[in-house]
Every structure is written in C-alpha cells, then in structure tokens.
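The values are calculated or read from the model by the stated rules, or taken from the named source; none is laboratory data. What you see is a predicted model; the values in this text were computed from it and never measured. Note: ideal-geometry Cβ built from the backbone for every residue, glycine included; neighbour counts use all protein chains shown. Remember, those area values only see protein heavy atoms, side chains included, never the ligands or the DNA or RNA. Shrake-Rupley method; radii C 1.70, N 1.55, O 1.52, S 1.80 Å.
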Amino acid sequence: LILTADEQRSPESDRRLCERLLQQPGIISAWLIPQDGQGELALELAYDPRLITWNQVEREVQLAGARLRANRAAILLRVVGITSPRAEPTIERALAQLPGVAASVSHSAGTIRIEFDRRACALAEVAHRLDGLGIRIIRAEPISQEPADVSSLAPTAARMAGRSEYWKLAPAILGAALLAAGFLVHVLDGPTWLRMILLAGCYVSAGWKTAVDTWRTLRQFRFDIDVLMFAAAVGAAILGHYEEGGLLLVLFALGGAGEELALDKARSAIAALTKLAPETAVVRDASGSQREVRVEQLRIGDEVIVRPFDRVPADGTVSSGVSAIDQSPITGESAPVEKQVGDPVFAGTINGGGMLTVRVTKLAGESTLARIIRMVNEAQTTKSPTQLFTDRVERIYVPCVLVATAALALLPPLLGGDWGVWFYRSMAFLTAASPCALAIGTPAAVLSGIARAARLGVLVKGGAHLENLGRVKAVAFDKTGTLTRGRPRVTDVIVLNGMPEEEFLRLAAGAAQHTSHPNARAIVGEALSRGLVLPEALDAREVPAMGVQAVVEGRTIVAGKPAILPERCAGAEDLRATIDRLTRQGKTVTAVGIEGLPAGVIGLSDLPRESAGSAIRGLRNLGIRKTIMLTGDHAGVARAVAEEVGIDEYHAGLLPEDKVWRVRELSRRFGGVAMVGDGVNDAPAMAAATVGIAMGGAGTDVAMETADVALMADDLAKLPDAIGLSRFSRRIILQNLVIAMGVIAVLAPLAALGYAYLGVAVLFHEGSTILVVLNALRLLLYGRR
C-alpha cells in the first residue's frame with residue numbers, strides 16, 4: 001500500500017498513524033517504509049479481514065490525516081453452497097491462496113467479502129476458485145470506495161437469479177416418506193426386496209446432498225460434520241441398522257433445510273432494504289414535459305416528480321411543494337417529517353399527501369439508502385469476539401472428538417467387547433458431540449441483531465461493535481450538534497433605551513441579514529417568525545472577528561460581540577450587567593448599538609434536543625453508570641446544558657486532543673466507553689472509545705463513515721434502543737452457547753454408554769441446531785423499551 005506523502009507529514013505524524021492503526025481490532029501489524037526517491041511511504045499492513053474491513057482500514061488512515069494510493073478493492077458476493085459454518089475457514093484459506101486476496105465468509109448471511117489487489121488477481125480467478133469449491137454466485141456488489149468491475153461475474157449470477165430455498169425441503173420430505181414406507185414393510189413382514197428398494201431410495205434422496213458435500217470435503221483432505229454424518233449412516237447400514245441410518249440422513253437433511261429456511265428470515269430482513277427504493281422515476285425536463293426513466297439513469301441536478309404516497313426515488317432537496325414524508329425506512333423515526341423547499345429527502349422514504357418536485361443531489365449508487373445497504377452487507381461478513389472464540393474452541397474440540405470417537409470404536413473391542421456394538425455407540429457419540437449448534441448460534445444472532453438495528457434506524461458496522469456496545473458502562477457526549485441542536489436560537493430580547501422591542505429586533509435583523517454567521521441567521525429568523533418586514537441595509541460590512549455594521553433607515557447599526565461597542569458611553573454599565581446575567585445562564589450574547597450607543601442585547605442559546613433528557617434517563621435505566629459531556633464551549637454554557645438534560649459530569653474548554661485524553665481516562669475508570677458525536681470534529685475521540693457513535697448518519701456521509709455505530713436520525717432516543725438491542729443480542733448469544741454445550745454435555749456421555757441410540761442423538765443434535773437459530777430470530781422482534 002502506498003501512502004502519499006505531503007508537506008504536513010513528519011516522523012511524529014507517521015508514528016501516530018501506526019499507533020492509531022494498531023489500536024483497531026483486527027490490525028496485527030503496521031510499518032511505514034520510505035520509498036527511495038519517490039517521496040512516498042510504503043505501508044506494510046497485516047490485518048484480519050474477519051474483524052476489520054478494508055474500507056475501515058482506509059477510514060482510519062484518512063482520519064489520521066493521510067491518504068492511500070492503493071490498488072485494493074472490495075466486493076461482496078451473495079452465494080449459495082456454503083454448507084455450514086465449519087466450511088467458512090476452508091473457503092477463506094482457499095481464497096487466501098490466490099495472490100493479493102483476503103476473504104471473510106459468512107454462512108449465516110450467505111455472503112463472501114473479497115478484498116483483492118487489482119494488479120495481482122482478476123475476479124475471474126476468484127469465481128473459478130469458488131466454482132471448484134461448489135459455491136455459486138448469485139450477485140456481486142462493489143463495496144470499496146474505488147469500486148471494482150464485477151461484470152465478469154454477471155453470467156454466473158444470472159444462472160442462479162430468483163431460485164427459491166424451499167426446494168431443499170423436498171429431498172428430505174421424499175426421503176422421510178420412503179423411510180416410513182420401508183419401515184412399514186419391515187413391520188408387516190413384507191418382501192425384503194421391496195424394503196431394500198424403499199430404503200435405498202431414502203438413502204439416495206435424503207443423503208444425496210450430504211454425499212456430494214462429503215466428496216468435496218474429502219477432496220480437500222479435511223473432515224467436517226457432513227463427512228461424519230455420512231460415515232455414521234453408512235456404518236449403521238453396514239451393521240444392519242438400515243432404518244436407523246435412513247433416519248439419520250432424513251433428520252440431518254431436514255435439520256439442514258430447516259436451518260437454512262430459518263436463516264432466510266434474517267437474510268430477508270436485510271434484503272428488504274434493497275426493495276425500498278423504486279426502480280423508476282418521473283423526470284421533468286426544462287420544457288416541463290415528463291418522462292419515466294430507471295433510477296440508475298438519474299443524474300445530479302435532474303428534477304423528479306414525487307406523487308402523493310409514492311416512494312422518493314433518489315436523495316435530493318425539495319425544489320417545490322410541501323408534504324410530510326415517512327422517513328422510518330431510513331432513520332427509524334416514528335412520525336412523518338414535514339418537508340418544504342430546500343429540505344433534504346432520502347431515497348426509499350415514503351411521500352405523504354402532497355406533490356413534491358425533488359432536485360437530485362446524489363447518484364443512485366451513492367444515496368443514503370445505497371450506502372446503508374452496502375455497510376450492512378459488509379457488516380454481516382465481520383466476526384464478533386464470541387464467534388472468534390468459538391472458532392478457536394472448535395479447532396481444538398473437533399480433533400478431540402475424533403480421537404475420542406476412534407478410541408470408543410477401537411479400544412473396547414480390543415479388550416473383548418463386541419465390535420458392532422461399540423462401533424454403533426461411537427457413531428452415536430460422534431453425532432451427539434458434533435458442535436453444529438455451537439458453530440451457528442453466534443453468527444445467526446449477530447446477523448439478526450444487525451438486521452434489526454438497521455430497521456430501527458441504527459447502523460451497526462459489524463458483530464464486534466454489536467457486542468462491544470452491550471459492554472459499555474459509561475457514555476460520553478459531544479455538546480454541539482449532539483446533546484444540542486447545533487443551531488442557536490434567540491431566547492432573550494432586552495432593550496435598554498425604551499425603544500419598542502419589535503422595532504429594536506427589526507433594526508438588528510436588518511443589519512444582521514447580510515452576514516452568514518449562525519447568530520446573525522438566528523436573529524433574522526426570529527424577526528421573520530414574528531412577521532416583521534426587514535428594512536434595507538446600506539453600506540453593510542463585517543467587522544473582522546467582532547460582528548457587522550450597516551446603515552439602516554439612516555442610522556448606523558452595529559451588532560456582534562459586546563466589544564464592538566465603546567467601553568465608555570451612556571448605558572455601558574446597564575449593558576455589562578445584562579451581559580453578565582445572560583452569560584451566567586449559559587447564553588451567548590449579541591450586543592446591538594445605534595449611533596454608537598448601546599441599544600440592547602439579544603441572548604441566544606443552542607437549545608438541547610427534545611430527546612436528550614429522555615435518552616439520558618433511558619441510559620440510566622439500562623444501568624449505564626456515568627454520562628459525561630465533553631465540549632470545547634465555556635463552562636457556563638456546559639453547566640447549563642448538563643443541568644437541563646441530566647448529565648452526571650461535564651468537562652468544558654476541551655480541544656480535540658483533550659477529548660481523546662478524557663475518553664481514555666474514562667476507559668480506565670469504567671472499562672467500556674461509548675463516545676457520541678457528530679462524526680467530524682469528534683472523530684479522534686470516537687476512535688479512542690470502545691464504540692464510536694455518530695449522530696445523524698442519514699444527513700452526513702462523514703458521520704456514516706467515521707463511526708462504529710451511526711444513529712441515522714438526529715434522535716438521541718435511539719441510543720438506549722441500540723444499547724438495549726446489543727445487550728439482548730449478548731443474552732441470546734449466551735443462551736445459544738448454553739443450549740449447544742448443554743445438549744453435548746448431556747447427550748454425548750449417554751450415547752457413549754449406550755443409553756442414547758443413534759436416532760435419538762441425531763434428533764437432539766439437529767433439534768438443538770434449529771433451536772439456537774430460532775432463538776436468534778427473536779432479535780428480529782426486538783422493540784423499543
């Protein structure tokens with residue numbers, strides 16, 4: 001990876017870059033190596049794609065003030081043929097053998113994230129390698145900042161489009177029918193040849209997929225549960241337990257199909273996001289005529305007509321019309337939001353009863369909805385800490401089970417036991433001890449949690465962040481734009497010289513209308529909201545770092561910081577007393593002078609969000625031990641906001657590096673800390689926190705890119721929802737681990753001792769696997785607390 005050098009780079013900044021990268025989960029090593037005579041640095045990076053994505057690596061480099069010139073790209077493949085969670089590492093290793101390729105595979109999501117070097121490997125090679133593993137591509141989607149050309153994968157995708165998963169039940173059902181018929185012939189003492197034909201049909205129908213998967217696995221010189229189950233069924237048949245071997249294959253086939261169908265519920269919850277945006281839009285050209293085009297053909301600046309109760313086809317701004325729009329598909333807001341000229345709208349949201357004309361501001365592939373879909377899809381392929389732990393346990397556990405099975409089959413017969421009896425018991429033990437439920441329980445819960453969060457208007461960028469959010473004990477907030485609206489409003493209008501209040505405000509707004517300062521805009525907005533007509537201002541000019549001066553109706557008006565007025569003049573003492581009182585209340589003061597004398601002051605305040613107080617109470621109800629506000633504003637303002645919303649602790653006058661230090665100090669005190677900010681100025685502090693949470697992801701691209709979690713609406717009430725969902729996810733994961741290990745702990749010894757037959761072992765094995773998946777699906781029903 002080539003790191004572009006610039007004038008601002010220094011050894012210290014390079015050291016900070018490496019330190020920043022090494023703080024991220026999944027970054028193993030990072031070194032900067034000078035390139036001879038090229039004025040550039042080579043970044044030698046080792047990372048685990050299961051824990052961190054390439055897009056996140058690029059983001060961290062950019063936040064450190066550098067930029068990469070790299071030839072890496074990432075694509076997401078939606079596939080069929082990943083037989084079980086145990087196949088994930090095999091596929092990842094096979095793809096990693098290709099030059100420049102790293103992959104993260106998710107059986108539960110049915111996706112593979114491929115990160116590759118364009119110079120070293122072509123996508124056709126990836127498709128060929130997957131085909132050799134029996135994996136077929138349904139769809140390929142670029143997800144990197146510099147998209148890859150996936151056209152070479154399109155023919156493979158076209159062959160599989162639209163295929164239903166319900167066909168998987170058919171072989172198992174047919175096998176069950178043939179098994180029942182064969183067993184009935186046996187019970188009624190019917191012809192042996194008929195019984196054998198029916199049972200053979202059962203074996204072929206129910207065991208065909210297992211046999212194919214077994215052959216593919218053995219070709220790669222490895223073992224998995226398919227091999228073990230097929231061996232157990234064949235072993236049962238060799239011993240003459242034909243019906244029991246058939247029952248094993250039927251239950252295994254039914255369990256696999258049921259597991260897939262259950263996971264489809266979670267996959268469908270995410271796939272439903274892709275159906276939110278309409279396929280076509282009505283464009284109005286300069287002549288006023290209208291034509292229908294595909295959404296992909298829209299260009300920036302096009303004007304589209306959005307009829308009542310239609311979905312908005314693209315991100316844009318309202319150019320004409322007034323309506324209420326249901327933004328819940330994107331932001332999770334429960335109530336429609338009023339939109340008028342100049343307001344932003346998002347693709348996939350639902351128009352109310354008014355007719356709107358929207359000017360397109362983003363292409364279809366870069367809309368907020370498209371970015372959400374890409375990030376959610378990418379998040380599915382990352383692993384949670386618990387999942388990585390169970391993977392490590394499995395690597396040790398599975399060989400131990402194989403050794404125990406071999407010992408159970410061979411040692412007792414060598415000591416005089418019956419070979420057939422002990423071989424049968426070893427097959428039952430092997431089935432009971434197989435860790436299928438252990439392997440699928442965690443990824444199914446992570447998939448369901450990410451899907452449910454997206455529907456609540458919370459974008460979680462991976463399983464690690466979903467789990468870490470539930471571990472948070474303290475939450476730190478930025479003030480401006482997070483706890484407050486980020487836009488000052490007029491709270492006090494105080495006139496000193498007896499002039500009518502509205503006359504005073506009219507003159508002040510007349511002078512302020514020619515500057516873009518937020519305080520000036522707030523004063524103008526207050527005057528207009530009172531129905532005042534602003535007078536024309538002449539000779540308007542800004543006074544650097546102080547305010548504005550203009551001639552309004554023949555009088556010289558100044559407005560700005562109190563220092564813009566003379567220190568010694570009539571009314572100066574009253575002015576200072578009023579300013580001191582408003583400042584103690586945490587308000588910003590704009591002084592207004594007419595003809596060099598104080599005329600009055602206007603108090604402004606960045607008011608807290610309506611949801612801030614309820615969000616803090618909700619966090620306290622969840623057991624969050626401390627809420628902290630970190631702000632660069634002065635102490636008076638910080639104290640006023642903290643008292644109003646109920647913050648436990650506040651720190652004022654902080655620079656960005658001070659916020660980072662405070663977050664690290666909070667981490668030492670409490671362990672898990674979340675930092676909530678606007679995703680721009682607070683990026684360093686968010687990166688230092690256990691979880692960085694951005695406000696208003698639907699409004700700013702930066703917020704979506706910089707945080708681990710993004711609240712899509714400017715609604716702090718979503719924060720307790722997100723933490724509650726994370727904690728519920730952790731409980732589900734723990735329950736699944738208990739179910740999986742409990743069944744193994746009870747059933748495996750019983751099978752080894754001959755108290756649990758092979759059919760019973762298969763029944764409980766498959767039952768526990770389906771149970772943990774169904775338990776994970778409870779996350780899709782999670783509601784606001």
For W208, indicate whether it is at pLDDT 75 or above, among the hydrophobic types (A, V, I, L, M, F, W, C), part of a helix (DSSP H, G or I) and under 30 Å from R395 (Cβ atoms). yes
Please go through the stretch 447-480 and pick out each residue that is open to solvent by less than 10 Å² (accessible area, probe 1.4 Å) and of a type in the set (V, I, T). I450, V458, V460, V472, V475
Does the stretch 625-645 contain at least one residue that is out of contact with any strand residue (DSSP E or B) (no Cβ under 7 Å at 6 or more places or on another chain), part of a loop (DSSP other than H, G, I, E, B), modelled with pLDDT of 90 or more and not hydrophobic (A, V, I, L, M, F, W, C)? no
Please work out which residue is nearest to the chain's Cα centre (by Cα), limiting yourself to the stretch 646-656 and to residues that are surrounded by 15 or more Cβ atoms within 10 Å (Cβ to Cβ) and in a loop (DSSP other than H, G, I, E, B). I647
Do we have L719 as farther than 11 Å from L459 by Cα, open to solvent by less than 10 Å² (accessible area, probe 1.4 Å) and either touching a helix residue (DSSP H, G or I) at 6+ places or on another chain (Cβ under 7 Å) or modelled with pLDDT of 85 or more (or both) here? yes
Any residue at all in the stretch 551-570 that's assigned to a helix (DSSP H, G or I), open to solvent by 10 Å² or more (accessible area, probe 1.4 Å) and over 30 Å from G486 (Cβ atoms)? no
Among R78, R118, R113, R93, which is the only one that is farther than 23 Å from C18 by Cα and without any contact (Cβ under 8 Å) to a residue 12 or more places away in the chain? R93
Would you call G486 out of contact with any His (no Cβ under 8 Å at 6 or more places or on another chain), assigned to a loop (DSSP other than H, G, I, E, B), free of Cβ contacts under 8 Å to residues at least 60 places away in the same chain and at positive phi? no
Restricting attention to the stretch 665-677, the residues that are exposed (fewer than 14 other Cβ atoms within 10 Å of the Cβ) and in a helix (DSSP H, G or I) number exactly 3
Among the residues of the stretch 590-610, are any among the hydrophobic types (A, V, I, L, M, F, W, C), touching a Gly at 6+ places or on another chain (Cβ under 9 Å) and either under 17 Å from T484 (Cβ atoms) or not in a strand (DSSP E or B) (or both)? no
Go through the stretch 460-495 and count every residue that is modelled with pLDDT under 85, in contact with a strand residue (DSSP E or B) (Cβ under 9 Å, 6 or more places away or on another chain) and either within 23 Å of G110 (Cα to Cα) or among the hydrophobic types (A, V, I, L, M, F, W, C) (or both). 1
On the basis of being touching a helix residue (DSSP H, G or I) at 6+ places or on another chain (Cβ under 8 Å) and at pLDDT 85 or above, does L68 make the cut? no
Can we say G201 is out of contact with any Asp or Glu (no Cβ under 9 Å at 6 or more places or on another chain), of a type in the set (G, A, S) and at pLDDT 90 or above? yes
Any residue that is small (G, A, S) and on the phi > 0 side of the Ramachandran plot - is there at least one of those in the stretch 412-427? yes
